[in-house]
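Trainee: Got a structure for you, written out below as structure tokens; questions coming shortly.
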Amino acid sequence: MPLYRDEAIVLRTHKLGEADRIITLLTRQHGRVRAVAKGVRRTTSRFGSRLEPFMHVDLQLAEGRNLDTITQAETLDPFHARLGLDYERYTAGTAMLETAERLVTEEKEPSVQHFLLLVGGLRAMAAEEQAASQVLDSYLLRSLAVSGYAPSFDHCTSCGLEGTHRYFNPSAGGVLCTTCRIPGSATPAHETIRVLSALLTGDWACVRAADPRHLREASTLVAAYLSWHLERGLRSMAYVER
Ligand SMILES: [Zn+2]
């Protein structure tokens, strides 16, 4: 069987037979990959603990007819160990893993931007410099943007008129001016639109200076925007504290 190497984030695992696991990975070069890890549920396994969700690993895989097999795993960054100690960061991180799996729909389709965004997001989540919900919101907006669903916050998504507009509608793809507004649009505070824009561009100084009320309102709108673009909502989102 041909071998290949790649680095990856472990998105999810599930049991296979007596001692094996199927590991869902987001890799740097090969996009989403599902691979078998043989014998990892045995206590004698050499790499069982390296293949837990959140782990950033360097892998060697053997190509298979259906599923590839993981033959070597080295830890690059143990995000699992760091996020596992903090419930809020762990649940927000889990929502990031689920989002990555849902947005990268094709197996073995290179998605390097999604990979880099997820590694950066998990690093920020583990670093504890920003609030967990803000790291999550920023990640969600950016990963939607990478998927082709970039929301507009600084111009009307319908007519292009620049400025901070009052109406926000996920189905329209962002903010709308008074002329273009459609029924059912949210009317967030101007400050909330600025927070959303800062989360998308990574302007952390602006995010840190924001009022908690506007951060909460922004989180609600990010969740609405995400669920509009995913067919089913995220299971893990129910556990994220808002
Ligand atoms: Zn307009």
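Trainee: Near the amide H of MET55, under 5 Å away, which other amide H atoms are found, from residues 5 or more places off or on another chain, if H is placed in the peptide plane?
Mentor: Those qualifying (amide H under 5 Å, at least 5 residues apart or on another chain) are VAL10, HIS80.
Trainee: Additional query: Would you kindly derive the ³J(HN,Hα) couplings of the range 177-190 from the backbone phi angles with the Karplus curve 6.51 cos²θ - 1.76 cosθ + 1.60 (θ = phi - 60°), listing them in order in whole Hz, with x for Gly and Pro?
Mentor: Per residue, the Karplus-derived 3J(HN,Hα) values read 7, 4, 5, 8, 4, 10, x, x, 6, 6, 10, x, 5, 4 Hz.
Trainee: Mind grabbing the accessible area of LEU76 for me, 1.4 Å probe, Å², rounded to tens?
Mentor: Accessible area of LEU76: about 90 Å².
Trainee: If you don't mind, there's one more thing I want to ask. Given a cut-off of under 8 Å on Cα pairs at least six residues apart, what relative contact order in percent is computed for the range 1-125? The partial results should precede the final answer.
Mentor: Details: 260 pairs, mean separation 35.5, N = 125.
Contact order relative to length: 28 percent.
Trainee: For the range 41-48, in order, what is each residue's ³J(HN,Hα) by Karplus, 6.51 cos²θ - 1.76 cosθ + 1.60 with θ = phi - 60°, in whole Hz (x at glycine and Pro)?
Mentor: Running phi through 6.51 cos²θ - 1.76 cosθ + 1.60 with θ = phi - 60° gives 8, 7, 5, 8, 4, 6, 10, x Hz.
Trainee: Post the alpha-carbon centroid distance, the range 11-65 to the range 74-147, in whole angstrom.
Mentor: Result: 18 Å between the Cα centres.
Trainee: Could I ask something else about it? Just from its helices, what would the mean residue ellipticity at 222 nm be for the chain, if runs of 4 or more DSSP H residues each count -39500 (n - 2.57) and the sum is divided by every residue, rounded to the nearest 500 deg cm²/dmol? If you can, show how the numbers build up before the last one.
Mentor: Values: 7 runs with 89 residues, N = 242.
Value at 222 nm, helices only: -11500 deg cm²/dmol.
Trainee: For TYR239, TYR225, TYR4, give the ranking by accessible area with the largest first, probe 1.4 Å. Don't skip to the end; give the middle numbers.
Mentor: On the way: TYR239 140, TYR225 5, TYR4 25 Å².
I get TYR239, TYR4, TYR225, largest accessible area first.
Trainee: A follow-up question, please. Quick query: amide H of GLN72 versus all other amide H atoms, modeled in the peptide plane; which residues come in under 5 Å with a sequence gap of 5 or more or a different chain?
Mentor: GLN60
Trainee: Non-local amide H neighbours of LEU161 (under 5 Å, H modeled in plane, Pro and chain starts lacking H): which ones?
Mentor: Long-range HN contacts for LEU161: CYS156.
Trainee: What number comes out for accessible area per residue over the chain if the probe is 1.4 Å? Units Å², please. All intermediate terms of the calculation are to be shown ahead of the outcome.
Mentor: Values: 11970 Å² over 242 residues.
That works out to 49 Å² for each residue.
Trainee: How far, in degrees from 0 to 90, does helix 87-103 lean away from the longest principal axis of the Cα atoms of the chain, to the nearest 10?
Mentor: 90 degrees
Trainee: Can you work out ³J(HN,Hα) from phi for every residue in the range 3-15, in order, using Karplus 6.51 cos²θ - 1.76 cosθ + 1.60 and θ = phi - 60°, giving whole Hz and x for Gly and Pro?
Mentor: With the stated coefficients, the range 3-15 comes to 9, 8, 10, 6, 9, 7, 9, 7, 8, 6, 9, 8, 5 Hz.
Trainee: Let me ask another. Please sort 104-111, 54-61 by packing, taking for each peptide the average over its residues of neighbouring beta carbons within 10 angstrom, highest first.
Mentor: On the way: 104-111: 14.5, 54-61: 21.2.
Descending mean neighbour count gives 54-61, 104-111.
Trainee: Please state, as a whole number in µm²/s, the translational diffusion coefficient that the Stokes-Einstein equation yields for the range 72-193 at 20 °C and 1.002 mPa s, with Rh defined as the Kirkwood radius across alpha carbon pairs.
Mentor: Working: Rh = 16.3 Å.
So the translational diffusion coefficient is about 132 µm²/s.
Trainee: Per the 1.4 Å probe, what fraction of the accessible area of the chain, in percent, lies on carbon and sulfur atoms?
Mentor: Heavy-atom surface of the chain belonging to carbon and sulfur, 1.4 Å probe: 47 percent.
The values are calculated or read from the model by the stated rules, or taken from the named source; none is laboratory data. These figures come from a predicted structure and were not determined experimentally. Cβ atoms come from the backbone with ideal geometry, glycine included; neighbour counts cover every protein chain shown. Ligands, DNA and RNA are stripped out before the accessible areas are found, and what is left, the full protein with its side chains, is counted by its heavy atoms. Shrake-Rupley method; radii C 1.70, N 1.55, O 1.52, S 1.80 Å.
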